[in-house]
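The values are calculated or read from the model by the stated rules, or taken from the named source; none is laboratory data. Keep in mind it's a predicted model, so treat the numbers as computed, not measured. Virtual Cβ from ideal backbone geometry, glycine too; neighbours counted across all protein chains shown.
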Amino acid sequence: MEKILVIGASGQLGSELTIALSSIYGEANIIAADLHKPHGEEVHPIFEHLDVIDKKTLSDIILKHRITQIYHLAAILSATGEKHPGLAWRVNIEGLMNVLDVSRDLKIKKVYWPSSIAVFGPSTPKENTPQTTITDPNTVYGISKLTGERLVEYYYYHYGLDVRSLRYPGLIGYKALPGGGTTDYAVDIFYKAIKGEQYSCFLDKDTSLPMMYMPDAVRATLEIMESDADRITVRSSYNVAAVSFSPLELYNTIKESYPEFSIEYKPDFRQEIALSWPKSIDDSQAGLDWGWNPEFDLQKMAKDMILHLKDSELIILQ
Ligand code: NAD
Ligand code: SER
């Protein structure tokens, strides 16, 4: 029986992945760990307080629960990382090194660690960005993710540690709030529309970025983790994609449900980060190797977000 540790379980992705893993492996076999418990949601019954920089506590938790697999999601995202570069480096790199070292030493069977479209930079081709191309990130977050990709590949080839990874685009979900990224606008905008308030967008109206609805992201994660090891030919991180749109395109889609909804554009420091990232991603290698195929386009995602969010207690809390 697998025992799975989810580090960063209270975050936007972690809270959804913990639920999905519980439904597959049973709640009692999933251990949620984070710096803090999630706000306004049900806490997973087995919760461990963990700062991933603390290697000893990480090791103790793995031994205590006889962990066989780790999903290491804890990170400082792009916008917060620009405000606190030292913290971003410690959490994203020292934290990852701790997970990799302890996993190797305690013979963890499989590790999942996400990368990001933030590994790309100003010189990367912007349209249909290939799996292997120029990577010149200019944010601390992007530099940490690129370093992480080199590290996970190194641990696979040098120590045989089975680490798997996806370069997520911006993730959009209704179960938890986003945690300090450049793509957060694509979640925030729904809250304002549903509450009948104007949205002030921190990106310019034509800034297209690759995005993915959370059910697709969770399914991609589970699919790569469940694939036979010999199908995983990319041991750094796979490009994955679903949909690309600009703030204006998203606004127009939401307006179909909320005709009175209004928006203003006030680009801030996140605009420069967004402009350094691709507009669309070539994820054909993930399709070839382990059958990746997204389900949600812009219309389908927006409809589902509105359906779930308008009855959510997060609308009241936010
Ligand atoms: P999030 O900020 O919502 O959640 C991260 C969680 O990590 C938080 O609950 C936080 O408390 C926890 N954490 C932070 N520092 C920690 C530490 N020192 N020890 C333990 N826990 C700590 O982020 P998310 O959106 O859920 O992202 C999850 C992963 O996916 C990250 O690695 C992120 O880089 C990656 N990713 C996310 C997106 C996105 O759009 N959300 C896109 C690309 C990649
Ligand atoms: N969505 C993330 C961010 O904006 C990308 O990894 O930081």
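Things worth noting here:
- Residue match in the range 172-193 (condition: surrounded by fewer than 19 Cβ atoms within 10 Å (Cβ to Cβ), over 24 Å from GLY81 (Cα atoms) and small (Gly, Ala, Ser)): no
- Among the residues of the range 41-76, the one identified as among the β-branched types (Val, Ile, Thr) and within 16 Å of ligand 2 (Cβ to nearest atom) is ILE76.
- Counting only residues that are within 14 Å of ligand 2 (Cβ to nearest atom) and either within 18 Å of GLN285 (Cβ to Cβ) or in contact with a Gly (Cβ under 9 Å, 6 or more places away or on another chain) (or both), the range 146-164 holds 2 of them.
- Some residue of the range 14-37 being modelled with pLDDT under 95, touching a Phe, Trp or Tyr at 6+ places or on another chain (Cβ under 9 Å) and farther than 24 Å from ILE273 by Cβ: yes
- Residues that are within 16 Å of ligand 1 (Cβ to nearest atom) and assigned to a loop (DSSP other than H, G, I, E, B) were ranked within the range 112-130; the one that is farthest from the chain's Cα centre (by Cα) is THR124.
- Of the residues TYR213, TYR185, TYR174, the single one that is touching a helix residue (DSSP H, G or I) at 6+ places or on another chain (Cβ under 8 Å) and at pLDDT below 95 is TYR174.
- Conditions (1) within 23 Å of GLY81 (Cβ to Cβ); (2) in contact (Cβ under 8 Å) with a residue 24 or more places away in the chain; (3) outside any helix (DSSP H, G or I); number of the one not met by THR135: (2)
- The set of residues in the range 154-203 being in a helix (DSSP H, G or I) and in contact with a strand residue (DSSP E or B) (Cβ under 9 Å, 6 or more places away or on another chain) consists of TYR155, TYR156, TYR185, ALA186, VAL187, ASP188, ILE189, PHE190, TYR191, LYS192, ALA193.
- Residue that is nearest to ligand 2 (Cβ to nearest atom) [pool: residues in the range 77-92 that are among the hydrophobic types (A, V, I, L, M, F, W, C) and buried (at least 18 other Cβ atoms within 10 Å of the Cβ)]: LEU77
Let's see how each residue does on (1) among the polar types (S, T, N, Q); (2) at pLDDT 95 or above; (3) closer than 30 Å to VAL163 by Cα:
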| residue | (1), (2), (3) |
| --- | --- |
| VAL234 | no, yes, yes |
| VAL243 | no, yes, yes |
| ASN252 | yes, yes, no |
| LYS255 | no, yes, no |
| SER262 | yes, yes, no |
| ASP268 | no, yes, no |
| GLU272 | no, yes, no |
| TRP277 | no, yes, yes |
| LEU298 | no, yes, no |
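- Tallying residues that are part of a helix (DSSP H, G or I), under 21 Å from ALA88 (Cβ atoms) and either in contact with a Cys (Cβ under 6 Å, 6 or more places away or on another chain) or among the hydrophobic types (A, V, I, L, M, F, W, C) (or both) within the range 41-63 yields 1.
- Close pairs (6 angstrom Cβ cut-off, 6 or more residues apart or separate chains): more than 15 Å from THR68 (Cβ to Cβ) in the range 1-24, within 16 Å of ligand 2 (Cβ to nearest atom) and in a helix (DSSP H, G or I) anywhere: GLY8/GLY14; GLU16/MET214; GLU16/VAL218; LEU17/VAL218; ALA20/VAL218
- Of all residues in the range 166-195, those that are near ligand 2 (Cβ under 8 Å from one of its atoms) have Cβ atoms under 7 Å from Cβ atoms of residues that are in a loop (DSSP other than H, G, I, E, B) and at pLDDT below 95, 6 or more apart or on another chain, in ASP184/PRO178.
- Listed by position, the helices (runs of 4 or more DSSP H) contained in the range 204-318 that have at least 2 residues being crowded, with 21+ Cβ neighbours inside 10 Å and within 16 Å of ligand 1 (Cβ to nearest atom) are 214-226, 247-255, 269-275, 298-309.
- Filter result for the condition that a residue is more than 15 Å from ligand 2 (Cβ to nearest atom) and at pLDDT 95 or above, over PRO125, PRO114: PRO125
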